[in-house]
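A quick write-up on the structure given underneath.
The values are calculated or read from the model by the stated rules, or taken from the named source; none is laboratory data. As the structure is a prediction and not an experimental result, all values here were calculated from the model. Heads up, the Cβs are rebuilt from the backbone with ideal geometry, glycines too, and the neighbour counts pull from every protein chain shown.
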Amino acid sequence: METGLTSPFRIISDPEPERREPEWSVASSSLPIFRQAATRKTTPGGTAQASGMILLIGEPEQPLPRIRRAPILSTPSSRSSLEIRPIRGASVRNEIGYPVVAEDDYSVAAPRPASPAWLDFTTNRLRNLLRLPASWDTYTARPPEKAAAERALDFLFRHHRFTGATPSIVPLTDGGLQLEWHRDGIDVEVVFPVGEPVELYFYEEVTGHEWEGPADAGFLLFSLRERLARPLQIGE
Amino acid sequence: MTRLAGPASPETELFRRVSPDQVVVDETRRCLRMSSAAFRQAEMSIYFQDELASARREPASVIETAAHRNHFLAAVRVRVALDLFLEVRRSPGDDEAHGDVVGKKSSHQRDKKLSRAARWIVAPTHACREDLHETLPVSFRPAPPDPLTHLQSLLARAQK
């Protein structure tokens, strides 16, 4: 299946647990709002490389620790697009979209210059939505769940281009979330309900074509990676 | 006041509060619109136009309390709900005008049809013009900050 960006959340199920060092796992397991995200692979020569992002999508419920060091080696090629800084003393508190790359001397990269165009708005919006209280709709709505925000981010990283259009994000009354794009004569709505599969709704104004079904399949079926990355034209 | 009972006329408007968090950006039309999520509930609270009128209340009275000061108000006709095989029933509690639109498990296409047919009575600034009510008076409240920021940034990009 063709996908967009590599999902940044794979480190959570580390394929080589024996190579993981304690500092890495402490950061992700003890901080509920702290998503440590990295991809990792081992080269034929036996060295490993990792890169990814740390995303904060909620208010810190406790002070975030400083990352003292990162456990995984990187190859020189991975440095070219990243500005590498010494990890010692680096704090991730209140940082959003903080990409990291672990090196052989245990350092962490500064924010990667080419983060997705939609990331800043999306993470800020999710953070605001996660602050909503119960009954935010003045009826009986449940507050949005962190798991729904993570599913939405994961979906965007898997399917949406770096240059993709920023989605609108709305809360659902069951604690879920919904991503929406209304552009270029199409409506795309991706629904992340609590405890149910992710669904996509598609509508094309010119043809009147309407479709509803599994989100992964729908995104591919209607070439939404490409269609949602088309730049806006004046007068379009 | 005489309480109304029984089915409402198909042309009666049903008013629903819309949370500021359920306003989204329409990049095609460069404006703000209501999300279909505002209509996604198996049992959806609404207020009957006929009941409000008989009590000489304005539609906007259902968002006049402090708890609703940032909310908007949308209207959809009884006929639209009935066409989608939804039940429209009166359920007065704290408010005599209160009712519910009830259906089986929500479908996205159904929610979409409701939101497409709905028209603003109290709209956010920068609301899409086509979504304003054609006959009832429409008033405006400030657009919610997140969608407004989103809209402004895409307009700025388009100007470049």
Residue in segment B:38-46 that is part of a loop (DSSP other than H, G, I, E, B) and aliphatic (A, V, I, L, M) present = yes
inquiry  = Only one of A:Leu177, A:Leu153 is hydrophobic (A, V, I, L, M, F, W, C), within 22 Å of B:Leu73 (Cα to Cα) and in contact (Cβ under 8 Å) with a residue 12 or more places away in the chain. Can you tell me which?
reply    = A:Leu177
note = Of the candidates B:Arg29, B:Arg56, the one satisfying the condition of being among the basic types (Lys, Arg) and within 14 Å of chain A (Cβ to nearest Cβ) is B:Arg29
ask   = In this structure, is B:Ala55 touching a residue at least 24 places away in the same chain (Cβ under 8 Å), buried (at least 17 other Cβ atoms within 10 Å of the Cβ) and among the small types (Gly, Ala, Ser)?
value = no
message = Regarding segment B:79-98, can at least one residue be identified that is in contact with a Pro (Cβ under 7 Å, 6 or more places away or on another chain) and buried (at least 21 other Cβ atoms within 10 Å of the Cβ)?
response = no
note = Within segment B:53-67, of all residues that are at pLDDT below 90 and assigned to a helix (DSSP H, G or I), the one nearest to the chain's Cα centre (by Cα) is B:Ala67
task = Determine the pairs where a residue that is within 12 Å of another protein chain (Cβ to nearest Cβ), located within segment B:89-114, has a partner that is assigned to a strand (DSSP E or B) and aliphatic (A, V, I, L, M) with Cβ atoms under 8 Å apart, the partner being 6 or more residues away or on another chain.
result = B:His98/B:Ile46; B:Asp100/B:Met44; B:Asp100/B:Ile46; B:Asp100/B:Val88; B:His108/A:Val191
ask   = What are the residues in segment A:191-213 that are under 18 Å from A:Leu130 (Cα atoms) and at the interface with chain B (Cβ under 10 Å from one of its Cβ atoms), if any?
value = A:Val191, A:Pro193
message = Going by what's in this entry, would B:Ser115 be described as surrounded by 17 or more Cβ atoms within 10 Å (Cβ to Cβ) and either modelled with pLDDT of 95 or more or not β-branched (Val, Ile, Thr) (or both)?
response = yes
task = Looking only at segment A:126-185, count how many residues are among the aromatic types (Phe, Trp, Tyr), modelled with pLDDT of 90 or more and surrounded by fewer than 20 Cβ atoms within 10 Å (Cβ to Cβ).
result = 1
